[in-house]
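Below you'll find the structure, written out as structure tokens, and then a few comments.
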Amino acid sequence: MPHSAMPAWEVDHAQTIRQLEALADAPGVSADYVRTRVAILQAQVEVFGAGLPTPPSAGVGRPAPSAGGQPSVGGPAVRPEMLRFDQGLAAGLLAAIVEAGRRQGGGAEGLERIAAAAARRPELVEDLALRAAFETDATRLTGLGRETGTPAELLGFVARLIAAPLVVDAARGLEALPDAAAAAGGSCPICGSAPGLAMLDAEDGHRTLHCGLCGWSWRFARLVCPRCGCQDQAKLERLSVDDEDARWIETCAQCRGYLKTIDRRRLGDPAGPAALVEEIATLYLDLVAEQQGCVGTAPYAAMV
């Protein structure tokens, strides 16, 4: 296996759940939101661990499957036709997300609208998953938001939560994985999604980007914006709440994007919590970035 944090299809999800549950008692963290993400992760893992069917010859917006589990050339390794979609499992995952939101209270009304729309048109769930996983243009997702009567941001989050285990399942079937140490792009070599988090390795300080959809990680240059490739140091800035903290924001004035960064060299445990745990523990940094007018990537939906 090339240099990489363990990908989402090889980690101990039970350990991640335990780390999340411990986070509920941390100061400055919403215990209700933590419990919501625990419930969602458990539902994602259930879908991921289920026996998914062989991909059909055609589906919503997907071409006929090609032979073999070979990575695509000049693009992400996972392609739409490689996803094994099961309507019942996806509907169950959506129901779990709705129930988790209902218990927390936030966004419950919008989630109920999505569930009602999916009940009227069952293929909507597959459509959402494919759009979230493989389309960077948000136009179609905005249209689906109008159909369901929900904000595109909420719809996109739900769609990514449903897509994540399906993309990981497809990646698990690849005959070869991208070389994470050699990957030079700012997008995930597995699924093409944007990084949701960056970490500096405890041993050598190398910057590792963590995909916000499939959980894959790959090395990336320290002083380059993953979003737009800007290398002008005058446009790259670091924002932190505490100068001595191990967690901060890296912003880019050229694209107004930002990425949260965790320095594992400053943590008591070099291995540190899972990226998903760090993502939830550092939601306060997202507020800081938004106050500065910065724009984040798609919602973090990975299972690790």
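Miscellaneous remarks
- Shape category assigned to region 164-251 from the gyration tensor of Cα positions, a/c cut at 1.5: prolate
- Exposure proxy order (Cβ contacts within 10 Å, fewest to most) of His13, His210: His13, His210
- Farthest toward positive dipole pole in region 195-291 [+1 Lys/Arg, -1 Asp/Glu at C-beta], among Pro226, Gln291, Ala281: Pro226
- Computed from the C-beta positions of Glu147 and Arg84 and an R0 of 22 Å, the FRET efficiency is 0.30 to the nearest 0.05.
- Basic side chains Lys and Arg get +1 at the Cβ, acidic Asp and Glu get -1 at the Cβ, and with that the dipole of region 139-179 about its Cα centre reaches some 200 debye.
- By the beta-carbon count within 10 Å of each Cβ, the least crowded to most crowded order of Trp218, Trp248, fewest first, is Trp248, Trp218.
- Each residue in Cys228, Cys188 was given a count of other beta-carbon atoms within 10 angstrom of its own, and listing them fewest first yields Cys228, Cys188.
- Inter-label distance, nm, simple model (7 Å from Cα along the C-beta direction), Asp245/Ala91: 4.4 nm
- For region 195-291, a crude dipole built from +1 on the beta carbon of Lys and Arg and -1 on the beta carbon of Asp and Glu, taken about the Cα centre, is about 380 debye to the nearest 20.
- Rough spin-label spacing in nm, given labels placed 7 Å along Cα→Cβ, for Asp25 and Arg256: 4.2 nm
- Sparse-neighbourhood loop sites, trypsin sites (Lys or Arg not before Pro) in region 131-230 - DSSP loop, at most 15 other Cβ within 10 angstrom: Arg222
- Prolate is the label for region 108-175, because the ratio a/c of its alpha-carbon gyration tensor axes (a ≥ b ≥ c) is 1.5 or higher and a/b is greater than b/c.
- Alpha-carbon spread of region 195-291, three principal axes, descending order, Å: 34, 26, 26
- Sum of side-chain charges, Arg120 neighbourhood, beta-carbon under 15 Å (Lys, Arg +1; Asp, Glu -1): -2
- Spin-label zone in region 271-304 - amide nitrogen under 20 Å from a point set 7 Å from the Cα of Arg265 along the C-beta vector: 271-273
- Residues Arg35 and Arg121, FRET efficiency given R0 of 35 Å [Cβ-Cβ distance, rounded to 0.05]: 0.70
FYI, it's all coordinate maths here, none of it is from the lab. Since the structure is predicted, the reported quantities are computational estimates derived from the model, not experimental observations. Positions of Cβ are backbone-derived with ideal geometry, glycine not excepted, and every protein chain shown enters the neighbour counts.
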